[in-house]
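Report on the following structure.
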Amino acid sequence: MSDARVLHFFGGKGGVGKTTLAAAYAVRLSEDAPKHKVLVVSLDPVQSLSDLLKKKLPTKPTKLQAGKGEGGLWGVELNPAALLKPFLAEYLPALAKAAVKGTHLSDEEMGKLYQQAVPGLEELVALFHVVDLLDAGEFDRIIVDTAPTSHTLRLFDMPAQLRKFLGFVRAGQDRAPASGGKGKKSEAALASTGGFLDQVGQKAEKLLALLKDPARTAFHLVTLAEPVPEAQTRSYFTQLRERGLPVTEVIVNQVEDHEGCSSCQGRRGLQAPHVRKYQALDKTVPVNLLGRREVAPRGLDGLKEFAAVWSAGKETKALEFSAAEGPPALVRAPSMPPIAAPPLPPTRLIFFVGQGGVGKSSCAAAAAVTLTEKEGPVLLISTDPAHSLSDVLQSRLTDTETQVKGTKGLYARELDMAGWFNALRKRLKEKAEKAFEGAPKAGNDVPADLLYLRNLLECAPPGIDELAAMSVLTDALVQERFKRIVVDSSPVVMSVRVVELADTAKTWLGALHTVLNKHRAKGLADLADDIAGMIKHVKRFEDALASPSESRFVVVTRGEELAASRTERLVEYLKERKLQVERVLVNRVGPKSTCEKCENRRKLELNAAKAIEKKIGLPVTMAPALGRHPAGLRELKAFRTAWYALSAPPAKIKAA
């Protein structure tokens, strides 16, 4: 397990065990080299590292285990917002000073627009901080527990995006008049602004170089042998390679062993084809298997024991699949327990939210199938960049509303955020060009404001591409074609992205509209009106979220100790924002069994579900574990009708 590389990332879909493996890897490295200072750092805002270690970690590195001399193991959960504050104290004034007058916009207006590209930089600044710790020699090795897939890919793209944005700012300066006149800046004034921005640009370049250096950086791709994690892992692997990031191994976690009843062996058989596909990804990248543990490792002692077994390298061989092993026939859902499934909330928008890997897509699809049969037209839409609805519905979906074959009113859509964003980019660019008719369009004489507006979305806050989800959901609400809109959301990191984005988008679009609207007579009216329309969309979406009659949230989770803590924080977050949380849905709970292994697992899941219900004070619904993940209309309907309430409701209810 020991490695000479200094920076190790553990990444993958949410819920695959990244935090546990990152922490165990750090424990083992510190024991292999007791004189080295090893730091495990969490960039995942859900605070799983503290939960795992059973110790609240501060925002500065704290010693977890002593080594020899100054060596040992440290841990930290960074607070990106706190790190961002001193960065912005220099960054914002530097951007304002770097602004120069354009054809229509003053240098002051340009400065205000430059400063809007700040939200979302917190995590990049946190990654800068990690690199600073390495460069300063404070730690010999740093192991990073990353956020789920799409969030981490966006983070890895940020250095290049920041470099591009700063390039626009510097290009605007290069086009500025050399001296004299009101609203113009002298060469000396322009030169004085470049220092800090140049430093930031150099940091971005340095970070990119480090991320792509296989001699110093390693990326450990963690996954499960299940359909959705497999699809996302193969996509993640490809995208990491495209970005030049060195993937050193694929770790398949929670593999069933050869022991247990026919159900246990059925679960193992389901895993076989997925493991074979991982092994076919790249023959030069090893695929290591780790067994599922009845009780997951917790605390330093548990992690030490787990790390010792992992580093011995014997599990992969013991868990290997024979050529004959494969999926069994589907095991149907158990008969519905006496306590009926609670009816789904009577609202237009139903968001299924939760960490990655909990089964949001299956639950959202099952709900949509049931609602369509009972109520009429329903739109099921995936806003998760790593879509899985096509697999769940066994229907080929696109970014166009498609009627699901075999239904009378179920329409589904997998939102193409990149395509939507590119179309918006093209439209805004054309309107910007039109507003500057007669101005130079190429060379060093292009006005600074045209350069900015032409590349408007490159200068937007990171993550603004998710405006696509907000816009599409708002359109569906306004059109009133569908009685229900069921949303399979992207995995929750610290917050529900599409909810957080409303604040960011409103601030950015509002500042942009204020500036453009002042210059309507100069040709910017069309662009200003377009931005005003986007602001109306954001406000309509905010109104829908705030209304219990229009939107509610179903939080999907698993019956596991770590998942319970994350669920509690997610529910608190939604309640703080005065959003209506309908219920918590604990997914994949096993049925009663005479197999000791299966029954112990079921009891642990039920205990976790009861703890969730008691702590958050919300109804908990249970969804059964099937012989395989439900797919197709018949299986989804059977899955939905097998949901049941954990505790008896005060009055008899009719299942929906």
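The values are calculated or read from the model by the stated rules, or taken from the named source; none is laboratory data. Computed from a prediction, not measured in an experiment: that's the story for all the values here. Cβ placement follows ideal geometry from the backbone for every residue including glycine, while neighbour counts extend to all protein chains displayed. Heavy atoms of the whole protein, side chains included, go into the accessibility calculation; ligands, DNA and RNA do not. Shrake-Rupley method; radii C 1.70, N 1.55, O 1.52, S 1.80 Å.
Which pairs in the list LYS35/LYS60; LYS63/LYS603; LYS212/LYS434; LYS56/LYS603; LYS506/LYS575 are over 31 Å apart, alpha-carbon to alpha-carbon?
Too far apart for the 31 Å limit: LYS63/LYS603; LYS212/LYS434.
For the pair segment 593-614 / segment 444-521, the C-alpha centres are spaced 43 Å from each other.
Close amide H contacts of VAL255 (hydrogens built in the peptide plane, cut-off under 5 Å, sequence separation of 5 or more or a different chain): LEU290, GLY291, ARG292. Report D for segment 3-107 in µm² per second (integer): Stokes-Einstein, Kirkwood Rh on Cα pairs, 25 °C, 0.890 mPa s. The Stokes-Einstein estimate is 150 µm²/s. Spin-label model, THR59 to ALA546: label points 7 Å out along the Cα-to-beta-carbon direction sit 2.9 nm apart. Residues of segment 590-608 falling in the label zone of CYS261, defined by backbone nitrogen less than 15 Å from a point 7 Å along Cα to beta-carbon, are 590-604. The slack between GLN394 and ALA442, meaning 0.36 nm per residue of separation minus the straight C-alpha distance, is 12.4 nm. The slack between GLN199 and ALA4, meaning 0.36 nm per residue of separation minus the straight C-alpha distance, is 67.3 nm. Counting protein heavy atoms only, segment 485-639 has 51 percent of its accessible area on carbon and sulfur, 1.4 angstrom probe. Averaging over all projection directions, the Cα-based convex hull of the chain occupies 30.2 nm² in the image plane.
Computed on the Cα trace of segment 435-482, the radius of gyration divided by the Kirkwood hydrodynamic radius gives Rg/Rh = 1.25. In this label model, SER322 and LYS483 are separated by 5.2 nm, measuring between points 7 Å along each Cα→Cβ vector.
As a rough guide to protection, the peptides 505-512, 380-387 ranked by mean Cβ packing within 10 Å, highest first, stand as 380-387, 505-512.
For LYS615, the aspartates and glutamates whose Cα falls under 17 Å of its own Cα, not counting residues fewer than eight places away in the same chain, are ASP51, GLU560, GLU561, GLU568, GLU572, GLU576, GLU582, GLU605.
Hydropathy first: keep DSSP H helices in the chain averaging at least -0.5 on Kyte-Doolittle, then drop any whose Cα extent along the axis falls short of 24 Å, and list what survives.
Helices passing the filter in the chain: 80-98, 149-174, 187-211, 497-518, 525-546.
The accessible surface of segment 42-170, taken with every protein chain in place and a 1.4 Å probe, is 52 percent carbon and sulfur.
So what does log10 I(q)/I(0) come out to for segment 402-456 at q = 0.15, 0.24, 0.26, 0.27 Å⁻¹, using the Debye formula with one equal point on every Cα and no solvent? Taken in order of the listed q values, log10 I(q)/I(0) reads -0.56, -0.90, -0.97, -1.00. What is the antiparallel percent of DSSP beta bridges lying wholly in the chain, to the nearest 5? If I count the DSSP bridges inside the chain, around 10 percent turn out antiparallel. What FRET efficiency, computed as 1/(1 + (r/R0)^6) with R0 = 41 Å and r the Cβ-Cβ distance, is obtained for THR594 and LYS614, rounded to the nearest 0.05? Calculated transfer efficiency: 0.90.
Bin width 5 Å, alpha-carbon pairs only: give the P(r) of segment 516-615 as whole percents, running from 0 to the bin holding the largest distance. All Cα pairs considered, the percentages come to 2, 12, 14, 12, 11, 9, 8, 8, 7, 5, 4, 3, 2, 2, 1, 0. Summary of packing: across the peptides 448-461, 363-376, the per-residue average of other C-beta atoms within 10 Å ranks them, highest first, as 363-376, 448-461.
Grab the beta carbon distance between THR284 and GLU138, set R0 = 25 Å, and tell me the FRET efficiency rounded to 0.05.
E between THR284 and GLU138, to the nearest 0.05, is 0.15.
Highest mean first, the peptides 209-220, 418-429, 480-491 sorted by other C-beta atoms within 10 Å per residue fall in the order 480-491, 209-220, 418-429. Over all directions, the projected convex hull of the C-alpha atoms in segment 355-449 averages 9.6 nm² in area. Shape of segment 436-588 from its Cα gyration tensor (a ≥ b ≥ c, root eigenvalues): rounded if a/c is under 1.5, otherwise prolate when a/b > b/c, or oblate? It comes out prolate by the Cα gyration axes. Mind checking which of ALA215, VAL41, CYS598 is farthest towards the positive end of the chain's charge dipole, using Cβ charges of +1 (Lys, Arg) and -1 (Asp, Glu) about the Cα centre? Most positive-ward Cα: CYS598.
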